[in-house]
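Structure first, then comments.
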Amino acid sequence: MIMLAQLLLSLSFLVAVHEMGHLLAAKYFGMRVEQFSIGFPPKIWSFTKGETEYAISAIPLGGYVKISGMIDESLDTEKMKQDPQPWEFRSKPAWQRLIVMLGGIIVNLIVGVLIFISLTFVFGDVYMLKDVVNKNGGFDVGEVGEEIGLRTGDKIVKINGKDFLYTEDITKPQTLLSNDGYYTVERDGKLVDISIPGNFIEKFNKKENAMNFLRYRVPPVVGEVTKESIAEKTGLKAGDVFTEVNGTPVAYFDQVYKLVQNSKKSKADSISFKVSRAGATLAFKEAFKGKEGIGFRAMEPKDYLAEGRVAKKYGLGESIPLGATRAVQTLKTQVTAFGAVISGKLSPQKSLSGPIGIMRAYGGEWDWQRFWSLTGVLSLVLAFMNLLPIPALDGGHVMFLTYEIVSRRKPSDKFLENAQKVGMVFLLALMVFIFANDIVNLFS
């Protein structure tokens, strides 16, 4: 329910500002706006002010502004057969109609940039220094990382041949989407280049895959003991340091984890381990058959790697250019990803998300920073997608109006009506595909 509430709030806000862009531009040029709706019919609630009915409708996956004399999704062809009136869309100069159609896109761009600026100003940034992570053992590599050739203990020292400061750069979309990208890692005293596959970003559509890529290596220090576990039975305490499991010395938590998993897979009857506490070594051997693990959580990386944690706050003067730059970079990344899907470099099934996928991205806990971050991205994506030259989208109208301005010839109303129908069929088919893809990904 929290996921759904966040999705609906975000979409309603973005649709409202988008359609408001069309409405304000239309009214500025003296066009009559018949209806402004958030959501699609049936109508839930409405009121009328002046010539415009403002409505909230039941299907919260979009919205629309009905402007008199415009061929739109309502396909009200009867009115279009009547003589044009001065207040109608079709009676206005092409350049005014073009601005009206760009109004929603422009507002979404502005809102996206403002959100990124606000996030930068309010929350700032938290980074982890790459050199500190490398100094303390490098990375614990999960299955997703192992697939491309990374190994636990690797120290990533360069990205695409260039040095970098923060570990966050390793998984930035522009890194994962770069052509012929690669990591340079230090392994056993040697430098090794690990190629980043062109479709590797697809792995990060699922949160569990992102978590199973790279983690910071941490020492085998007990942080929290699980109730009714081997750890509780043996009296392990926060701060105890594992030194050995089943006779094998350990220096990192990932080594403890793998040795315990080996015991589980081999269905061992018992498990032995040693811990260091206040300079003394304590040895244990416990029954293990049917157990999932020893029962403790390791020390958090934020405690162990505190020296590498960099928190930055920005003033308003710094936040404006930095936030705007981030918005532009986000938009460029989305355009690059879209191009990769069109070219076949990325799979549409793995790369496209609809309402269900977006809802899952918001998460089951209400986090305002994450909410506005995703809403900012969606605002920019909505602007870009609406600019695509597809009839029934703003970009389709922009395409025909640009043709009219350049050629000084207006396409016939019949042609525009048929183009609108074709565009709507295409968009409906695309929506069906995305919904079906969401459902498949939900259970895969």
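The values are calculated or read from the model by the stated rules, or taken from the named source; none is laboratory data. In this text, all values refer to a predicted model and were calculated from it rather than measured experimentally. Ideal geometry is used to build each Cβ from the backbone, glycine not excepted, and the neighbour counts take in all protein chains shown. Note: accessible area is taken over every heavy atom of the protein model, side chains too, but ligands, DNA and RNA are not part of it. Shrake-Rupley method; radii C 1.70, N 1.55, O 1.52, S 1.80 Å.
Checking the cross-link pairs Lys27/Lys49; Lys227/Lys302; Lys27/Lys92 against a 18 Å limit on the alpha carbon distance flags Lys227/Lys302 as lying beyond it. Which FRET efficiency value, to the nearest 0.05, do you get for Lys162 and Lys312 by plugging their Cβ-Cβ distance into 1/(1 + (r/R0)^6) with R0 = 25 Å? The computed FRET efficiency comes out at 0.75. Placing a label point 7 Å from the Cα of Val341 along the Cα-to-Cβ direction, the residues of the range 363-393 whose backbone N falls under 18 Å of that point are 374-393. Listed values for the range 300-307 are Karplus-derived 3J(HN,Hα) couplings in whole Hz (6.51 cos²θ - 1.76 cosθ + 1.60, θ = phi - 60°), namely 5, x, 5, 7, 6, 9, 4, 5, and x replaces Gly and Pro. Straight-distance candidates among the aspartates and glutamates for linking to Lys414, with alpha-carbon spacing under 16 Å and chain neighbours fewer than 8 residues away dropped: Asp72, Glu73, Asp76, Glu78, Asp83, Glu404. Ordering Leu119, Pro197, Leu102 by the projection of their Cα atoms onto the charge dipole of the range 95-227, which places +1 on the Cβ of Lys and Arg and -1 on the Cβ of Asp and Glu, puts Leu102 at the extreme positive end.
Between Met424, Asn212, Trp87, the Cα set farthest toward the positive side of the dipole of the chain (charges on each charged residue's Cβ, about the Cα centre) is that of Asn212. Would you mind telling me the share, in percent, of accessible area of the range 310-444 contributed by carbon and sulfur at probe 1.4 angstrom? It is 70 percent, rounded to a whole number.
Note on Asp367 and Ser195: the model spin-label points, each 7 Å out from Cα along the C-beta direction, lie 3.4 nm apart. Of the residues Ala311, Val381, Leu165, the one whose Cα sits farthest toward the positive end of the charge dipole of the chain, with +1 on the Cβ of Lys and Arg and -1 on the Cβ of Asp and Glu, is Leu165. Residues in the range 173-189 carry Karplus couplings, in order, of x, 5, 6, 6, 9, 5, 6, 6, x, 7, 9, 9, 10, 9, 9, 6, x Hz; the curve used is 6.51 cos²θ - 1.76 cosθ + 1.60 with θ = phi - 60°, and Gly or Pro positions show x. Count Lys and Arg as plus one, Asp and Glu as minus one, and take only other residues whose Cβ is under 13 Å from that of Phe123; the net charge is then +2. Of the trypsin sites (Lys or Arg not before Pro) found in the range 355-444, the ones in coil according to DSSP and having at most 15 other Cβ atoms within 10 Å of their Cβ are Arg408, Arg409.
Spin-label model, Asn179 to Lys206: label points 7 Å out along the Cα-to-beta-carbon direction sit 3.1 nm apart. Helix 413-443 axis versus longest C-alpha principal axis of the chain: approximately 20°, rounded to the nearest ten.
Close amide H pairs (under 5 Å, H built 1.01 Å from N) link Gln35 with Glu53, Lys66, residues at least 5 positions away or on another chain.
On the beta carbon distance between Ile110 and Lys258, with R0 = 56 Å, the FRET formula returns roughly 0.65.
The chymotrypsin sites (Phe, Trp or Tyr not before Pro) of the range 341-444 that DSSP puts in a loop, and whose beta carbon has at most 14 other beta carbons within 10 Å, are Trp366. Just to confirm my numbers, what's the Cα centroid distance between the range 97-146 and the range 259-276 in Å? With the range 97-146 and the range 259-276 each reduced to a Cα centre, they are spaced 42 Å. Close amide H pairs (under 5 Å, H built 1.01 Å from N) link Lys172 with no residue at least 5 positions away or on another chain. The computed volume of the Cα convex hull per residue in Å³ for the structure shown corresponds, within (i) 190; (ii) 173; (iii) 163, to (i).
Taking the longest Cα principal axis of the chain as reference, the axis of helix 253-265 is set at about 80 degrees. Restricting the GluC sites (Glu not before Pro) of the range 164-265 to loop positions (DSSP other than H, G, I, E, B) with no more than 16 neighbouring Cβ atoms within 10 Å leaves Glu228. Each Lys and Arg contributes +1 and each Asp and Glu -1, all at the Cβ; summed about the Cα centre of the range 188-260, the dipole is approximately 140 debye. Straightening the chain between Glu228 and Lys289 buys 20.5 nm, computed as 0.36 nm per residue apart minus the Cα-Cα spacing. About the centre of its Cα atoms, the chain shows a dipole size close to 300 debye [charges on the beta carbon of Lys, Arg (+1) and Asp, Glu (-1) only; nearest 20 debye]. When DSSP beta bridges are limited to those with both residues in the chain, what percentage is antiparallel, rounded to the nearest 5? Antiparallel: roughly 90 percent of the beta bridges in the chain. Computing FRET efficiency as 1/(1 + (r/R0)^6) for Leu8 and Ala238, where r is the C-beta to C-beta distance and R0 is 45 Å, gives about 0.60. So which of Lys135/Lys237; Lys172/Lys203; Lys162/Lys203 end up more than 19 Å apart by C-alpha? In this structure, Lys135/Lys237; Lys162/Lys203 lie more than 19 Å apart at Cα. Applying the Karplus relation 6.51 cos²θ - 1.76 cosθ + 1.60 with θ = phi - 60° to the range 368-373 yields 3J(HN,Hα) values of 5, 5, 5, 4, 6, 4 Hz, where x marks Gly and Pro. This model, with +1 at the C-beta of Lys and Arg and -1 at the C-beta of Asp and Glu, gives the range 134-240 a dipole about its Cα centre of some 200 debye. Rounded, prolate or oblate: pick one for the range 176-246, where a ≥ b ≥ c are the square roots of the eigenvalues of its C-alpha gyration tensor, a/c under 1.5 means rounded, and failing that, prolate if a/b is larger than b/c, else oblate. Cα axes put the range 176-246 in the oblate bin.
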